[in-house]
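The values are calculated or read from the model by the stated rules, or taken from the named source; none is laboratory data. Bear in mind the structure is a predicted one, so any value in this text is a computation, not a measurement. Backbone-built Cβ (ideal geometry, glycine too); neighbour counts: all protein chains shown. Note: accessible area is taken over every heavy atom of the protein model, side chains too, but ligands, DNA and RNA are not part of it. Shrake-Rupley method; radii C 1.70, N 1.55, O 1.52, S 1.80 Å.
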Amino acid sequence: MIRKRKSLWRRLKENKVAQGVSSVLLPILFGVLILALWQGQVLHKIFNTDTNTLPLPSRICHIIIDNIPAFAQNALYTLLVAVIGLVVGSIIGYLIAVFAATFQKWGKGGLTIVGAFNAIPIVALAPVMTNWTKDISSDPNIRSMFAKTLVVMIVCIASMSINAFRGLTELKPFALDLMKSYAAKKSTVFFKLRLPNSVPYVFTALRVSVPISIISAVVSEYFAEYIVGVGREIRENIVLGQYPTAWAYIVVACLIGLVMYGVLMLVESIVLKNRRIK
Amino acid sequence: MKKTKELKKLLAVVFAGAIAVTAFAGCGESSSSSDSSSKDSATSGKLMSNEEIIKKAAADGKVGNWGLGNEYEILALLQKYDLPTKYLSEDFTMDGFDQDDITLASAMTYNELGLVKNDYDGGYKYGDTVGTIDMNDEGVAMLEDNIFCTKEFPKKNPNTVKAFLYASMKGWAYAVKNPEEAAQIVFDAGSSVSSDHQLYMAKEVAKLVTTDTKGKTVSDYGNIDEDAMQQTLDLCKKYVQLDDSSASKKLEGFTLDDIRDTQYIKAANESKDGKFGKLEKTDVTIQLKWLPQAQFMGYYVAQAKGYYDEVGLKVTITPGGGDISETTAVNNGTVDFGVTWVANLTSANAGGMDLLEIAQVYQRSGLELVYKKDLFTK
């Protein structure tokens, strides 16, 4: 009896399908367990808090469902800021990396400066950007969107340029030697060797940038002139003592992050299908 | 070969330095370009009426407020003139007003308005070139600084509450009669602003404490005026937008009894000596809504003059600031008393907190809309 059970366990362990299922199922089960403890107010006992500070999931869901248009509008603005900032910032970051890889002696120093930008806290950057972009447009909504996007962009430039630079320069030694022995032109080396080599690094950078872009978007909304966005709503509702609504917006912010990360994973799995390096 | 390498390195450093310098120079530029010509230009022509000013600013989309629960009087004012209830987010400086991004800006009489008008350190020196629109005159006044605690606290500690109110009001009474001394006491207690501004603030706050929304003089400080309170609650019901349907339903059903209790301040004001029998709790804390400033001078004066000691209380004054939420702090028991605005207390109660106003220190609204006269002449 015991032997049979053991072999079943082993079989399960070695089965690829079962592995896949368990790697998906276990986190979901864990999530459901947490939700159940939360709804059953066990979490409240553990953390010694009340249902006002930590509202029940049912109430949070109820608020979201009641206000789908308002939530959708705020989420859209936050998503726009995060995505535009991420895309533009990453492209600029990559171009900087290309520039740095082409003129390596100058580039390395330049990258250090870009890296220093990464160390500026978003909380400091956001009000400065709001002040800087006051003359961009007479429409405060456009002005604020620009300022917020700029913050996300700056944060994304740093991680992309540093990672992409590594991808463009850390080549397999024999590959570069081979290219040299073919007397390949610099441009050929770039397009045939450096560029493909940098692709996995780009995704590494994006994995960092995607969550950061959401956080930057949310925080920069605190300081924006025009009152819109998930981050702004979280702050307003907490200050007004509306914790259930604030939590509902926190959930929406999480969902935006999850969706963006999911999309990134999907793109990555398609692009890097046959070339996992690990 | 080596020399060129060094030269290149040197060039890179210079280049990097140049970028850094331009970046920092840019930072300063935006804030120092504030001395615009509009400041000195003489006002000519006839000044518009309040209604015309509000309509013009609203049409330009340049009405400003801080939001975060401070905006309801502005919304009520805009609605009064059938205007869309949209406003720009003001930060905690008046730079937006100075640079004409906001032409009709929210300002508290005792704080921002002083910075706009006066020429002391941190002031924008506009003097009489700016005009104001008073929320009390417009009939949309909502009551601001009060004293509140949880509903449970006075039930358990009635004598402590009465003694605390007695001593605090004694402090306020002294402060409004002696604003110079009160300002100095606050400044010594760790002020966030200059002593000049503190004195200006003390004088303006004294007006709010001693005059009601209709301009009549108040003698029993801290009194919870029925009409003004009702107007505040009515405006709350109309303009506080809560996404949470159960909270907004709760707000709809609120009466004055859900947010205030007048018995403690009455008892405190009727007492001659501040003796209410045995105190249930002698160590109490009060959470201010903002940084230490003359806005809260009554408590600092009561502390410095020993009024709290006289009634047998040891009081700790906790300054607020930024996003510290006084309603949350009181509700979860971190502090015993708090100072907040009635609208904040009402919406917090709707959201599920259990708070109770026990005294109304400011008898009228301190919110005004400030504008440059030369932008609103016909």
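Exactly one residue among A:Lys45, A:Lys16 is among the charged types (D, E, K, R) and farther than 30 Å from B:Gly333 by Cβ, and that residue is A:Lys16.
With free of Cβ contacts under 8 Å to residues at least 60 places away in the same chain and of a type in the set (D, E, K, R) as the only criterion, which of A:Lys180, A:Lys148 stands out? Steps first, answer last, please.
Working: A:Lys148 fails: free of Cβ contacts under 8 Å to residues at least 60 places away in the same chain.
Just a single option satisfies the conditions, and that option is A:Lys180.
Taking region B:72-82 as the range and being more than 18 Å from the chain's Cα centre (by Cα), touching a residue at least 12 places away in the same chain (Cβ under 8 Å) and either part of a loop (DSSP other than H, G, I, E, B) or within 12 Å of another protein chain (Cβ to nearest Cβ) (or both) as the test, only B:Tyr81 passes. A:Asp50 fulfils the conditions (1) free of Cβ contacts under 8 Å to residues at least 12 places away in the same chain; (2) open to solvent by 60 Å² or more (accessible area, probe 1.4 Å); (3) in a helix (DSSP H, G or I) except for a single criterion, (3).
Among the residues of this structure, A:Tyr243 counts as one that is touching a Gly at 6+ places or on another chain (Cβ under 8 Å), touching a residue at least 40 places away in the same chain (Cβ under 8 Å) and either more than 19 Å from A:Gly85 (Cα to Cα) or open to solvent by 10 Å² or more (accessible area, probe 1.4 Å) (or both). Look at A:Ile96 and say whether it is within 14 Å of chain B (Cβ to nearest Cβ), at pLDDT 90 or above, surrounded by 14 or more Cβ atoms within 10 Å (Cβ to Cβ) and part of a helix (DSSP H, G or I). In short, yes.
Table: residues versus (1) part of a loop (DSSP other than H, G, I, E, B); (2) surrounded by fewer than 17 Cβ atoms within 10 Å (Cβ to Cβ); (3) modelled with pLDDT of 85 or more; (4) among the hydroxyl-bearing types (Ser, Thr, Tyr).
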position	(1), (2), (3), (4)
A:Val81	no, no, yes, no
A:Leu86	no, no, yes, no
A:Ile91	no, yes, yes, no
A:Ala100	no, no, yes, no
A:Gly107	no, no, no, no
A:Val123	no, yes, no, no
A:Ala126	no, no, yes, no
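The criterion of being in a helix (DSSP H, G or I), surrounded by fewer than 20 Cβ atoms within 10 Å (Cβ to Cβ) and either within 14 Å of chain A (Cβ to nearest Cβ) or not charged (D, E, K, R) (or both) does not hold for B:Ala348. Applying the condition of being more than 21 Å from the chain's Cα centre (by Cα) and of a type in the set (A, V, I, L, M, F, W, C) to region A:230-245 and asking which residue is farthest from the other protein chains (Cβ to nearest Cβ) yields A:Ile238.
Rundown of residues vs (1) touching a Cys at 6+ places or on another chain (Cβ under 8 Å); (2) outside any loop (DSSP other than H, G, I, E, B); (3) without any contact (Cβ under 8 Å) to a residue 24 or more places away in the chain, yes/no style:
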position: B:Ala58; (1), (2), (3): no, yes, no
position: B:Gly67; (1), (2), (3): no, no, yes
position: B:Asn70; (1), (2), (3): no, no, no
position: B:Pro84; (1), (2), (3): no, no, no
position: B:Gly96; (1), (2), (3): no, yes, no
position: B:Asp100; (1), (2), (3): no, no, no
position: B:Tyr110; (1), (2), (3): no, no, no
position: B:Tyr120; (1), (2), (3): no, no, no
position: B:Tyr124; (1), (2), (3): no, no, no
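Of the residues contained in region B:226-240, one or more are found to be under 26 Å from B:Leu345 (Cα atoms) and part of a loop (DSSP other than H, G, I, E, B).
Hand me the list of helices (runs of 4 or more DSSP H) wholly inside region A:160-251 holding 1 or more residues that are over 30 Å from A:Asp50 (Cα atoms), of a type in the set (Phe, Trp, Tyr) and at pLDDT 90 or above.
Values: elements: A:173-181, A:195-223, A:230-239.
Qualifying helices (runs of 4 or more DSSP H): A:195-223.
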